[in-house]
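Notes follow the structure.
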Amino acid sequence: QAKQADQWSLKAEGQYQRNNYKSLKAYNGNEGFFHANASYTFSPALTARLSAGYDRSYDRVREVKDIFSNSQYRAGAGATISPSPFFDLDADYRFFAQRREQDAVKYTEYDEHTFALRPSYKITPNTKAYFEASVSKVDTKGSWYTDSTNYGAVFGLAWQYRDTATVYGEAGVVSMHFDNNSNAGSLLDYQDKSKTLPKIRVGGTLAINTD
């Protein structure tokens, strides 16, 4: 992790794991991840950010002989525009891809592209209200699942205590619209249909600095 105050920051983390089994050699393989995030502040009114990630793991399903590797790729780019001390606008693009090596599970491969806009307003110095609108396109690589276009709308409220703790709550909806490009026929009852689901999330972060 590296940082220059008020200008740029870079954070990277990774893990590598080698599995070697004496009796169940089918489990042998490499697992791990690498994640990186970077940001650069051009001015108090403009900050840009980039992210990338790779995760590799194994599924243990059905029988010992059925062990399938799962690789996931992530990338993102975005910017925050702050025309005033009270108002921010975040614009982000996120990419996600899942790939499988074994033919038996390649029908679960897909790409997802997401675009999001999030204006926010500071109600008080420690409290921020925001609204996020997003659209994502899911592109399935096999012939079993259908492609889809998803729209999201979320209202949120976040409260921050100094640099130590942040608590937030969100409520909204996600509307999913499915294509009819699957070969599964009537086995997938959501083809060429739409579905809307509620989205509620509550969470927070806690940082302890011993300096």
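Note the full-extension length gain between Tyr58 and Tyr73 as 0.36 nm times their separation in residues minus their Cα-Cα distance, in nm to one decimal.
On the way: separation 15, 0.36 × 15 = 5.40 nm, distance 1.50 nm.
Residue separation times 0.36 nm, minus the Cα-Cα distance, leaves 3.9 nm.
Note on Gln102 and Ala48: with the Förster distance fixed at 30 Å, the Cβ-Cβ geometry gives a FRET efficiency of about 0.20. Once the Cα-Cα distance is subtracted from the 0.36 nm per residue extended length, the Tyr151 to Ser84 segment shows a gain of 21.3 nm.
What accessible surface, in Å², does a 1.4 Å probe find on Arg18, ignoring ligands, DNA and RNA and rounding to the nearest 10? So the heavy atoms of Arg18 present about 110 Å² to solvent. The tail of the calculated P(r) for segment 54-163 beyond 16 Å holds 70 percent of all Cα-Cα pairs. Note on Asp59: accessible area approximately 40 square angstrom, rounded to 10, probe 1.4 Å, nucleic acids and ligands left out.
In this calculation the C-beta distance from Gln7 to Glu170 is compared with R0 = 35 Å, giving a FRET efficiency of 0.70. Taking all protein chains together and a 1.4 Å probe, the residues Arg49, Arg162, Arg74 rank Arg162, Arg74, Arg49 from largest to smallest accessible area. For the set Glu132, Glu109, the ranking by accessible area, highest first and with no ligand, DNA or RNA atoms included, is Glu132, Glu109 under a 1.4 Å probe.
The Rg/Rh ratio for the chain, using Cα coordinates for both the radius of gyration and the Kirkwood hydrodynamic radius, is 1.03.
Pairs on different chains or at least eight residues apart, Cα atoms closer than 18 Å: how many lysine pairs in the chain fit? Within the chain, the lysine pair count is 7. Measuring with a 1.4 angstrom probe and ignoring ligands and nucleic acids, Phe34 comes out at about 110 Å² accessible. Largest mean-square fluctuation among Phe155, Phe42, Phe33, in a Gaussian network model of the chain whose springs join Cα atoms under 10 Å apart, belongs to Phe42.
Modelled spin-label separation between Ala91 and Ala38, with each label point placed 7 Å from Cα along the Cα-to-Cβ direction: 2.1 nm.
For Lys199 and Asp163, FRET efficiency with R0 = 22 Å and r from the beta-carbon atoms, rounded to 0.05?
0.15
The values are calculated or read from the model by the stated rules, or taken from the named source; none is laboratory data. Just so you know, these numbers come straight off a predicted model, no measurement behind them. FYI the Cβ positions are ideal-geometry reconstructions off the backbone, even for glycines, and counts take in every protein chain you see. Keep in mind that these areas ignore ligands, DNA and RNA; they rest on the heavy atoms of the full protein, side chains included. Shrake-Rupley method; radii C 1.70, N 1.55, O 1.52, S 1.80 Å.
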